[in-house]
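Asker: Submitted below is the structure of interest, expressed as structure tokens.
All of the numbers you see were taken from the coordinates with simple rules; none came from a lab. Computed from a predicted model, the values in this text were never measured in an experiment. Quick reminder, even Gly has a Cβ in these numbers, built from the backbone with ideal geometry, and neighbours come from all protein chains shown.
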Amino acid sequence: VQLVESGGGLVQAGGSLRLSCAASGSTFSINIMGWYRQAPGKQRELVAAITSGSGNTHYSDSVKGRFTISRDNAKNTMNLQMNSLKPEDTAVYYCRMIVASRVYWGQGTQVTVSS
């Protein structure tokens, strides 16, 4: 399984970005999909997650109400709509999928929010 993120970039505080993650390969048993981020000098943290079947979602408190995670099972894609961005959202964002009980990571995409 290969994961490719896109949509990162530079945006001013208060702006929006939309990240996408496309999965290819043996994706017939995607279970859980999620977005993580890692800022310089900090540990990687969960931002949002969504189950493939029911579409149940989970958000970290820091992004709740500002970010929305979604998925398209037919296209094996996952998105993260990020609104009201803050400088503290600056990080490398990674998509992560669990497929047939194995964990896969994308290469990451940089999001920079200027104040």
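Asker: Within the stretch 72-94, whose backbone N sits under 18 Å from a point 7 Å along Cα→Cβ of Ala39?
Answerer: Under 18 Å, as judged by backbone N against the label point of Ala39, lie 82-94 of the stretch 72-94.
Asker: Could you check the simple spin-label distance between Val4 and Asn73, using points 7 Å along Cα→Cβ, in nm with one decimal?
Answerer: Inter-label distance under the simple model: 2.5 nm.
Asker: Please find the FRET efficiency linking Arg18 to Ser101, where r is the Cβ-Cβ separation and R0 is fixed at 30 Å, and quote it to the nearest 0.05.
Answerer: Efficiency, from the Cβ-Cβ distance: 0.55.
Asker: Still on this structure, please answer the following. With a point put 7 Å past each Cα toward its Cβ, work out how far Lys64 is from Asn31 in nm, to one decimal.
Answerer: Result for the modelled spin labels: 2.5 nm.
Asker: Using Cα pairs closer than 8 Å and at least 6 residues apart in sequence, work out the relative contact order for the chain, in percent.
Answerer: RCO, the chain: 37 percent.
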